[in-house]
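One structure is given here, and the rest of the page talks about it.
The values are calculated or read from the model by the stated rules, or taken from the named source; none is laboratory data. The shown structure was predicted, so the numbers you read here are calculated from the model rather than taken from an experiment. Note: ideal-geometry Cβ built from the backbone for every residue, glycine included; neighbour counts use all protein chains shown.
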Amino acid sequence: MWMTSSTADGSEVLLYVWSDRNNGDYFLFDTRTRRAERVFSRREWFDPAEVPASRYVTFKARDGMTLHGYLTEPRGPAVGPRPMVLLPHGGPFGIFDTWSFDDDAQILAAAGYAVLRVNYRGSGNYGRQYQRAGHKEWGGRMQDDLTDATRWAVREGVADASKICIYGASYGGYAALMGVARSPGCTGARSATSASTTCR
C-alpha cells in the first residue's frame, strides 16, 4: 500500500492497495474519521478469490549463494509436477520481481503452467553485495542462477523436467537465448530453436 496523493490539509488521502492476486484498488481515506471508501479498481474483471497466489521462495545457487524468487502455480491441486515457465526479469541490474500481481505469471498460470520468477544475482532489493555479485556475469553466474532455479523446481516436484520453457523481454530475452545455448536440457527446454529435452 502507498499514498498516491492528499489534500492540502491532509484530511483526505488517496491510497493504492494491491496484492499478488489483486492488480490494485484505490481508496479515499478520511484521516479524521479513519474510514476508507473504495474509488475504483484497476482490473474490475479479476476476482482476487479466483486468482492463483504467488509465494516467496528461496534456494541455493551452485556456489552457495542464496537466491530469491516468486512461484505462481495454477489454482487447484496438482497431479504430479506441472509444465513450468521460467520468467527472468529485464534490466538486469537493480531491477527485481516483487510479491505483486504479475500479468505474465497470471496469464500462464491460468493456462495451467507453474511460473517461476527469479531475482538472480544482480537484481535489486537485496543489498549492494547481492547486486554487485552480478557484475560481469552476463551469461555466467547470472545464467547459472536461472538454471539452478529450474533444477530446484524439478527437485521440489513443482516442474515437469520434460516440460520447461524460459522466456522474457529485455535482459530476460537475452537470458532466454542463453538458456537455450548453455542449458538446452534445462532452461530453454521448450523454445523455437531447440527440441524438448530434460532438466536434471
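One line per residue, one yes/no per condition, for (1) without any contact (Cβ under 8 Å) to a residue 24 or more places away in the chain; (2) in the same structural domain as His135 (by TED's automatic domain parsing):
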residue: Ser6; (1), (2): yes, no
residue: Leu15; (1), (2): yes, no
residue: Gly24; (1), (2): no, no
residue: Thr31; (1), (2): yes, no
residue: His89; (1), (2): no, yes
request  = Filter segment 54-78 down to residues that are of a type in the set (Gly, Ala, Ser), surrounded by 11 or more Cβ atoms within 10 Å (Cβ to Cβ) and modelled with pLDDT of 95 or more, then give me how many there are.
outcome  = 3
task = Return yes or no: is Asp97 surrounded by 14 or more Cβ atoms within 10 Å (Cβ to Cβ) and part of a loop (DSSP other than H, G, I, E, B)?
result = yes
key: Residues located in segment 37-77, provided they are of a type in the set (Phe, Trp, Tyr) and in a loop (DSSP other than H, G, I, E, B)   = Trp45, Phe46
note = Among residues of segment 18-73 being among the hydroxyl-bearing types (Ser, Thr, Tyr) and touching a Ser or Thr at 6+ places or on another chain (Cβ under 8 Å), the residue nearest to Ser100 (Cα to Cα) is Ser19
key: Number of the condition not met by Asp47 [criteria: (1) at pLDDT below 95; (2) charged (D, E, K, R); (3) assigned by TED's automatic domain parsing to the domain that holds Asp103]   = (3)
key: Pair list, Cβ under 6 Å, 6 or more apart: segment 61-75 residue in the same structural domain as Ser123 (by TED's automatic domain parsing) and over 25 Å from Gly140 (Cβ atoms), other residue modelled with pLDDT of 95 or more and in a strand (DSSP E or B)   = Thr72/Ser54; Thr72/Val115; Glu73/Ala114
task = Please indicate, with yes or no, whether at least one residue in segment 135-144 is buried (at least 23 other Cβ atoms within 10 Å of the Cβ) and closer than 28 Å to Ala78 by Cβ.
result = no
